[in-house]
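Here is the structure we will look at.
Please treat every number below as a calculation from the coordinates, not as lab data. Keep in mind it's a predicted model, so treat the numbers as computed, not measured. We place every Cβ from the backbone using ideal geometry, glycine too, and count neighbours over all the protein chains shown.
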Amino acid sequence: MSAEAQASNGAAAKSSGSGSNSGASTHLSEVDAIRRTTRALRQLYHREKQWMAGRTADQVSRLTQQGQLRLDEQLHYGEMAFMLLRLKPCVIIDYAGDRDQVADYVASVLRPSLRDLNALGGLAGEAVVAAESPGGAAVEPNAPLYPRPFHLVCARIDGPLESPEIPSWAGAYVVYDTKWPLSDRW
């Protein structure tokens, strides 16, 4: 077998998660999709903890609003899980206006994690076609359902966006799912 063919078979085995060359399928079972997504979210958690551990005392003080918040309250892996389960339409990333730390967090932690999750979001989409309509019944497009197809995007908020607690989110980042209409319109 040529080196190119061996590489292709290896990639197919990795994509299927089976580790065998029994087929070039990239479909995931529901259980495997959940397991792999859980693993990717756990990896996000570890990246966040590692990033937090690398902060200086001054940076930690700013992250915790001079000690008013606990450092573990600044992690986003749980919010991301809620979004994947369609329990919230987006995740806003903002460290009390500390734009330098937000940009570093997005580059160091979030973007690598989104690559991991989006690879699964594409595979999960192929696996759930039958699961989304058991017995032929249609599923509400905004119903909590997992696994399901998703594609997460991280964008900087440059325009006006405010909430009762925050007068302006400009400069913060938002993560949303382009495959979920409610999230995409956030």
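In debye, nearest 20, what is the charge dipole magnitude of region 27-90 about its Cα centre with +1 on Lys and Arg Cβ and -1 on Asp and Glu Cβ, if you could check? Working shown, then result.
On the way: 11 positive and 7 negative charges, 22 e Å.
So the magnitude is around 100 debye.
Between the amide H of I93 and those of Y173, V174, V175, distances stay under 5 Å, these residues lying 5 or more places away or on another chain, with hydrogens modeled in the peptide plane.
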